[in-house]
Amino acid sequence: MKMAEAQTIIDGKKNNGFMVSFEWKKGGMLHSDYFPDKHSGEPLITTEKEAWMYASAFAKKMRGKVVNLYVIKSDFVPVDGYREKYLEHR
């Protein structure tokens, strides 16, 4: 963790934005992943609505390869009400 990240946590500042969380199906196992990659400095998705649109489009293109898609906040916590919109996609 970088000092700036620790300071942000200590100060209570939030990095607003959203990401799409999902799991890859590989060899009978599930491997967690998400996009955009906050830790590599990619800008986060601006709105929750836009993040759900990305999740849906990604799920359609990756059918059979990814499962369990939902939107998370910048602190990696699922958004409120995510269970109602959750894309199991099996």
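The shape of segment 48-90 comes out prolate: with a ≥ b ≥ c from the C-alpha gyration tensor, a/c is at least 1.5 and a/b beats b/c. Dipole check for segment 22-68: with +1 at the C-beta of Lys and Arg, -1 at the C-beta of Asp and Glu, and the Cα centre as origin, the magnitude is about 340 Debye.
What pairs from Lys2/Lys38; Lys2/Lys73; Lys25/Lys49; Lys26/Lys60; Lys25/Lys60; Lys38/Lys61 go past 24 Å between their alpha carbons? Check vs 24 Å cut-off fails for Lys25/Lys49.
Where the alpha-carbon atoms of the chain are placed on the principal axes, they occupy 41, 28, 20 Å, in descending order. Round to the nearest 10 and give me the degree value, 0 to 90, for the angle of helix 48-61's Cα axis relative to the longest principal axis of the chain. It is inclined by approximately 30 degrees. For Gly17, the residues 5 or more places off, or on other chains, whose built amide H falls under 5 Å of its own are Ser74. Simple point charges give the picture: +1 on the Cβ of Lys and Arg, -1 on the Cβ of Asp and Glu, and for the chain a dipole about the Cα centre of about 420 debye. If the chain linking Asp11 and Met53 were pulled fully straight, counting 0.36 nm for each residue of separation and taking away their Cα-Cα distance, it would gain 11.9 nm.
Quick note: the coordinates plus some simple rules give every number you see, no bench work behind them. Being a predicted model, the structure only gives us computed values, none of them experimental. Methodologically, a virtual Cβ is constructed for each residue, glycine included, from the backbone with ideal geometry; neighbour enumeration extends over all protein chains shown.
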